[in-house]
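The values are calculated or read from the model by the stated rules, or taken from the named source; none is laboratory data. All figures in this text were calculated on a predicted structure; none of them were measured in a lab. Because the Cβ atoms are built from the backbone with ideal geometry, glycine has one as well, and the counts that use them run over all protein chains shown. The area values use the complete protein model at the heavy-atom level, side chains included, leaving out ligands, DNA and RNA. Shrake-Rupley method; radii C 1.70, N 1.55, O 1.52, S 1.80 Å.
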Amino acid sequence: MFKQDLLDFSFGELQNFCKNNKLPIFRASQLWRWIYCFGLKSFEEMNNISKPSREFLNNISLISRPEITETQISIDGTIKWLIKLKDKSEVETVFIPQNDRGTVCLSSQVGCTLNCTFCHTGTQSIVRNLTSSEIIGQLMVVMDHLGDWPSGKINRKSTNIVMMGMGEPLLNYDEVSKAIKIMMSEDGIAISRRKITLSTSGIIPYIEKTGIELGVNLAISLHAVNNELRNKLVPINKKYNLENLINSCRNYPKLSNSRRITWEYVMLKDVNDSSEDALNLIKLIKGIPSKINLIPFNSWPGSLFETSTQKKIDKFAQILMDAGFASPIRMPRGQDIYAACGQLKSNSKKLRKSQTNNFVPIHNP
Ligand code: SAH
Ligand code: SF4
């Protein structure tokens with residue numbers, strides 16, 4: 001018999017589910033707390049719900065977890081999980097421990113349609129949107145692994161979320177926003193919007209909506225300071241060009257010194273790493289409360305680029321620091337297990353492009 005996965009529900013949907021199944025409405029709050037504060041995967045331990053009700057719930061519903069098929073641990077403590085979804089496609093999820101925090105990097109799609117030329121994910125031929133339960137399921141499986149339940153415990157390990165795994169989150173806005181709202185729910189996982197960062201290659205129609213509806217930190221994958229080069233590196237720039245992108249960032253709701261745009265800039269040798277590029281970057285984002293993240297290019301087997309020399313990266317960083325931007329070089333993490341930015345790609349399916357042309361359509365704004 002079909003069992004409803006409760007992770008598919010927003011809180012309102014869980015209330016409707018209770019109503020439709022003639023359960024009292026307060027059951028929704030109880031379930032929500034058990035699932036998202038205590039991380040329960042079955043109804044048995046829900047001791048404020050009567051036994052007959054628990055049995056009834058167990059007959060009609062379940063609380064899923066995605067299946068972990070591989071776990072890799074880096075020498076720097078970074079952990080990468082390969083996660084198999086119900087249709088057998090796979091995504092990767094990463095945990096990065098730092099001194100004062102632990103960041104979970106979540107995927108929003110299987111693969112990515114945008115084919116940025118330096119990104120491994122973009123070369124994966126199979127692409128589909130993840131559902132909200134597949135996105136929240138990644139976080140829950142990480143919290144299981146880290147012993148992070150109940151969510152309110154002191155010394156919790158997963159404190160920050162970045163939507164920087166596989167996929168373009170703003171091409172899957174509905175499911176991503178539903179999952180983020182669940183993560184933020186104070187009666188549940190309770191991660192504040194200040195600790196959540198969504199990274200986009202610049203899908204302009206959804207930028208303002210992200211700011212208004214979710215209020216999370218925004219990171220923009222900039223990587224080039226003129227349209228000619230950005231068209232090549234981040235091809236979606238042909239549709240949403242730099243001028244329009246910068247304008248929509250300038251108007252990102254509630255920007256201030258404590259809520260700044262993060263500009264991600266991958267350092268590609270002799271491509272975008274000159275002093276002139278650094279100066280043009282400063283000009284481009286002038287007046288916008290900003291942080292800059294210089295990411296040394298993480299190479300992957302078969303990639304066309306090389307990372308800039310340390311000397312070039314330091315010079316680029318110095319120009320930015322002279323203009324008032326603080327320590328902008330991002331330490332690569334988990335490189336030995338291919339868990340660093342832009343290296344995520346599951347190798348499980350290798351179909352030819354021609355075989356996948358009609359695969360699940362991607363929502364296009
Ligand atoms: N699709 C979204 C989020 C996922 S990519 C986006 O593009 O923003 C997360 C970050 O890694 C982006 O800034 C992306 O441009 C960067 N990235 C991709 N490939 C990389 C690589 N090989 N080395 C370093 N950074 C890379
Ligand atoms: Fe997609 Fe982001 Fe990779 Fe570009 S950098 S191909 S948008 S995942």
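Extension gain for S274 to S29 (0.36 nm times residue separation, less C-alpha to C-alpha distance): 82.7 nm. Approximating the spin labels as points 7 Å out from Cα along Cα→Cβ, the S256-to-F56 distance works out to 4.8 nm.
What is the calculated FRET efficiency for K238 to I75, with r their C-beta to C-beta distance and R₀ = 30 Å, to the nearest 0.05? Write down the numbers at each step before the final one.
Numbers: r = 40 Å, r/R0 = 1.34.
Calculated value: 0.15.
Averaged per residue, what accessible area in Å² does the chain show with a 1.4 Å probe, protein chains only? Please list the in-between numbers first.
Numbers: 16800 Å² over 365 residues.
Dividing the accessible area of the chain by its residue count gives 46 Å².
In the chain, helices alone account for a calculated mean residue ellipticity at 222 nm of -8000 deg cm²/dmol, with every DSSP H run of four or more residues adding -39,500 (n - 2.57).
Rounded to the nearest Hz, the phi-derived 3J(HN,Hα) couplings of the stretch 109-126 under the Karplus curve 6.51 cos²θ - 1.76 cosθ + 1.60 (θ = phi - 60°) are 9, 7, x, 7, 7, 8, 6, 4, 5, 9, 10, 5, 4, x, 8, 6, 7, 8, where x marks glycine and proline. Straight-distance candidates among the lysines for linking to K3, with alpha-carbon spacing under 16 Å and chain neighbours fewer than 8 residues away dropped: K41, K86. Per-residue 3J(HN,Hα) values for the stretch 176-183, derived from phi via the Karplus relation 6.51 cos²θ - 1.76 cosθ + 1.60 with θ = phi - 60°, read 5, 5, 4, 5, 5, 5, 5, 4 Hz in sequence order (x marks Gly and Pro). Selection among T262, I207, S89 by position relative to the dipole of the chain gives I207 as farthest towards the positive end (Cβ unit charges, Cα centre). Per-residue 3J(HN,Hα) values for the stretch 63-73, derived from phi via the Karplus relation 6.51 cos²θ - 1.76 cosθ + 1.60 with θ = phi - 60°, read 10, 8, 9, x, 8, 8, 9, 7, 10, 10, 10 Hz in sequence order (x marks Gly and Pro).
Surface composition of the stretch 67-356: carbon and sulfur make up 50 percent of the accessible area, probe 1.4 Å. Straightening the chain between A323 and K3 buys 109.5 nm, computed as 0.36 nm per residue apart minus the Cα-Cα spacing. Counting Cα-Cα pairs of the stretch 4-62 in 10 Å increments starting at 0 gives whole-percent bin shares of 24, 67, 9.
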